[in-house]
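S.K.: Handing you a structure now.
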Amino acid sequence: WRDAILPKLHEKTFDDVPDGKREEFLEAVWTALSSGVHEHAQGDWLGGFKGPGNLAKKLSSERVLHFKDAMSWFDYNEQYGHGSLLESAISGFMAAGRNIAALRTWGTNPEAAFERLRSEMVDRAKKRGDFKEVDRLRDDKLRNQFNAANGILGTPVNPNLARAVANVRAVITMAKLGGVVLSSLPDLANSASVLKHNGYGFVERWQNAVFGSLLRGPLNAADREVVDIMGTALDGMIGGIVGRFSANDHFAGKMTKLQDIFFRVNLLGFWTDRMKEGTSLALARKLAIDAPKAFDALDPRQQITLGRYKIDAPTWDLIRKGVSEVEGGRSYVLPDVADRLSDADIAAWAGVPADDPKALSRARFELTSRLRSYFVEQVREAMTEPGAKERAAITFGTRPGTTAGELVRALTMFRTFSYTFISRNLGRELLRAPDKVGAAVNIASLIAATTILGGLSNAAKDLVKGRTPRDPRDNPV
């Protein structure tokens, strides 16, 4: 590795390396690359730094390898990389986005901030005598969720072992999920359920789930631009098509590319993109339709959903000033709404001086982040995709490349969807209902809809196999 990379590196790579220490420096870089610690927000990229990691300091010194030119990097990636140019670029964007989120949420020292906050919450719970809350806060589940959000749970301890076993799981996944599209009809019920919590009535939400997503024609140029701005349908590009069925870690490379091609051929990619696009457009369209209303006049369930993303009455009043109209006369509310608002509006909302460019930029970014989080998370919820909470639970906080981690990932294959359905979909219907009666009605309606569509899925699979569809009355159990 040293002999291959050294001729490709620019001399400024070694500007801060003492004379005679190049070999030692490159060995440290190799160790970091081969162990994967550079891929998450907690990795100690500063070999001599002690104590909890300072993320800002690490990010400022992360890029220790400077290539002579683009072709030098390209040749190196062809020899030692695990993905194409596009995969490498997207992987870099995702890692950078995760690090930025960690900085914005936890500050320059995420791990220390997390532990300090947890200690403070434990102390407050003790003072009020809530020892059940104390136990919950001390539980390893919170730490596992933190690790999942920061990317630590996806970083292999032994990269070679993790990749080898992941490839085996990929082959098994393709063998078992060839007809997965026929099993995906209940997605329609999940999508309709999410739209219910975003202000849609019964007929409207089912009409959109069926005719606005599954059975609609190709997107025109204007709607395609709307979906691209929201960034909610990128699974085919980032290699995440199968992510909703498996919490296993995916590594860029030929096997991942083969897996994505497979799920394109069996139409799972088409199904996923179509459902996500339809749900995205429905959410953006509904916000535009409701823009003339005050926040208090919105559907109560819609108010609760928007509130989860810090979209309250003042924020709503600001957002509805930035409705955009696309070709054909349709109006949408998009994440880039902040770019269409005046400095005075942004300043009044954020409580910052109108002549402070940096403060205005931060405020616009905050507004954009709230809207983008709303769209992305609601679409993921509609598609029953796991989040950090679900990934941490289904992997029991273990890391790939360990005996326990690989065993857990093998035993929990194909269990991610069912766990996520219970956690996100049933949890939504139970916890966001106004009362117990409402919760019972919500859960009953979702179970009824998914059961009916599940029966249709079974019938479709029987027909494809040349069998007579089963009569559910023959086996009531």
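S.K.: When the Cα atoms of region 352-477 are enclosed in a convex hull and the volume is divided per residue, what value in Å³ results?
M.R.: 219 Å³
S.K.: Further question: How much of the pair distance distribution for region 394-465 lies past 17 Å, counting alpha-carbon pairs only, in percent?
M.R.: 62 percent
S.K.: Please report, to one decimal in angstroms, the Kirkwood hydrodynamic radius of the chain built from all distinct Cα-Cα pairs.
M.R.: 25.0 Å
S.K.: Further, regarding this structure: Just to be sure I follow: if Rg is taken over the C-alpha atoms of region 345-391 and Rh is the Kirkwood radius over the same atoms, what is Rg/Rh?
M.R.: The Rg/Rh ratio comes out at 1.23.
S.K.: To make sure I understand the rule: partners must be lysines, Cα under 21 Å from the Cα of LYS436, and not fewer than 8 residues away in the same chain. Which ones qualify?
M.R.: LYS196
S.K.: Please list 330-341, 21-32 highest first by mean number of surrounding beta-carbon atoms within 10 Å per residue.
M.R.: Result, highest mean first: 330-341, 21-32.
S.K.: Okay, moving on. Percent relative contact order of the chain, based on C-alpha pairs within less than 8 angstrom and at least six residues apart?
M.R.: 19 percent
S.K.: Continuing with this model, one more query. On the protein heavy atoms, probe 1.4 angstrom, tell me the percent of accessible surface of the chain carried by carbon and sulfur.
M.R.: Looking at the chain in its full context, I get 59 percent from C and S.
S.K.: Let me ask another. Report the Cα centroid-to-centroid distance between region 406-475 and region 330-344 in angstrom, as an integer.
M.R.: So the separation of the two Cα centres works out to 38 Å.
S.K.: Which of THR398, ALA96, LEU33 sits farthest toward the positive end of the charge dipole of the chain, with +1 on the Cβ of Lys and Arg and -1 on the Cβ of Asp and Glu?
M.R.: The residue sitting most towards the positive pole is THR398.
S.K.: Rounded to the nearest 20 Debye, what is the dipole magnitude of the chain about its Cα centre when Lys and Arg each give +1 and Asp and Glu each give -1 at the C-beta?
M.R.: 1420 debye
S.K.: Work out Dmax and Rg for region 172-233 from the C-alpha atoms and quote the Rg first, both in angstrom.
M.R.: That works out to 14.4, 41 Å for Rg and Dmax.
S.K.: Then there's this: Please list 68-76, 186-194, 441-449 highest first by mean number of surrounding beta-carbon atoms within 10 Å per residue.
M.R.: 186-194, 441-449, 68-76
S.K.: Right, next: Below 13 Å, Cα to Cα, which aspartates and glutamates can LYS132 reach? Residues fewer than 8 away in the same chain don't count.
M.R.: Answer for LYS132, where 13 Å is the Cα cut-off: ASP123, listed by chain and number.
S.K.: Calculate one ³J(HN,Hα) per residue across region 391-401 by plugging θ = phi - 60° into the Karplus curve 6.51 cos²θ - 1.76 cosθ + 1.60, and present them in order as whole Hz with x for glycine and proline.
M.R.: 5, 5, 6, 6, 9, 6, x, 8, 10, x, x
S.K.: State in Å² the accessible area per residue of the chain; use a 1.4 Å probe, count heavy atoms of protein chains only, and round to the nearest integer.
M.R.: Result: 52 Å² per residue.
The values are calculated or read from the model by the stated rules, or taken from the named source; none is laboratory data. All of these numbers come straight from a predicted model, not from anything done at the bench. Here Cβ is always computed from backbone atoms with ideal geometry, including for glycine, and neighbour counts include all displayed protein chains. Heads up: the accessible areas ignore ligands, DNA and RNA and are worked out on the full protein's heavy atoms, side chains in. Shrake-Rupley method; radii C 1.70, N 1.55, O 1.52, S 1.80 Å.
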